[in-house]
Amino acid sequence: MEKFQTLYSSAVPLPLENIDTDQIIPARFLKATTREGFGENLFCDWRRNPDGTPKPEFVLNNPTYSGQILLAGKNFGCGSSREHAAWALYDAGFRVVISSYFADIFRGNALNTGLLPLQVTDAELSQLFAWVEADANTQFVVNLPEQTLHVPAHDATIRFDIDAYKKECLINGYDDIDFLVSQKPAIEAYEQNRTWSW
């Protein structure tokens, strides 16, 4: 995974609640055996007409908005447990999803993929949407080591929580195996010094 420390980006607003994993990546696209290529079909049924042409009213087809942050409504990632939803968001270039609530399984899949699910309060989410609606170029600074979301134009800072282990993995670009490998010296030292009993 890519290392994640501080991200400077504008946001793409998607103010819909209860966005489930089948809307994020429809089931008919789950045939691939690797993580690559899912971004092309992210929100496919919302982005494209049946003939494949883009729907101009959908935000991902609107050139006004861009960035590596998806600003989404409450209860993001509900529904089935498919990890492909996180893969599709990551493959499409998103590194952060901001919402006021995430489904637990989606949160875990996102963190395992290198995608940060950044949870704020309902009131904070409403304010963020309002700022982006007023100015599509509103910049966000996501500082993972300090666990802060800063909006410089409004001198606003929001603290967020994250599991300490997953935070370390994101900062270092580790998956679970990479983390274990990084602990090899400590594991070897423990094995050399432990008392064996037979």
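Within the range 90-135, work out how many residues are among the hydroxyl-bearing types (Ser, Thr, Tyr), open to solvent by less than 20 Å² (accessible area, probe 1.4 Å) and within 21 Å of Asp176 (Cα to Cα).
1
Considering (1) modelled with pLDDT under 95; (2) in contact with a Pro (Cβ under 6 Å, 6 or more places away or on another chain), say which one Gly39 fails and leave the rest.
Among (1) modelled with pLDDT under 95; (2) in contact with a Pro (Cβ under 6 Å, 6 or more places away or on another chain), the lone unmet condition for Gly39 is (2).
Which one is surrounded by the most Cβ atoms within 10 Å (Cβ to Cβ), of the residues in the range 160-196 that are at pLDDT 85 or above and among the small types (Gly, Ala, Ser)?
Filtering first and then ranking leaves Gly173.
Restricting attention to the range 24-81, report how many residues are open to solvent by 30 Å² or more (accessible area, probe 1.4 Å) and part of a loop (DSSP other than H, G, I, E, B).
28
The values are calculated or read from the model by the stated rules, or taken from the named source; none is laboratory data. What you see is a predicted model, and the numbers here were worked out from it, not measured in a lab. Counting neighbours? That spans all protein chains shown, and the Cβs are built from the backbone with ideal geometry, glycine included. Quick note on the areas: whole protein, heavy atoms, side chains included, nothing else; ligands and nucleic acids left out. Shrake-Rupley method; radii C 1.70, N 1.55, O 1.52, S 1.80 Å.
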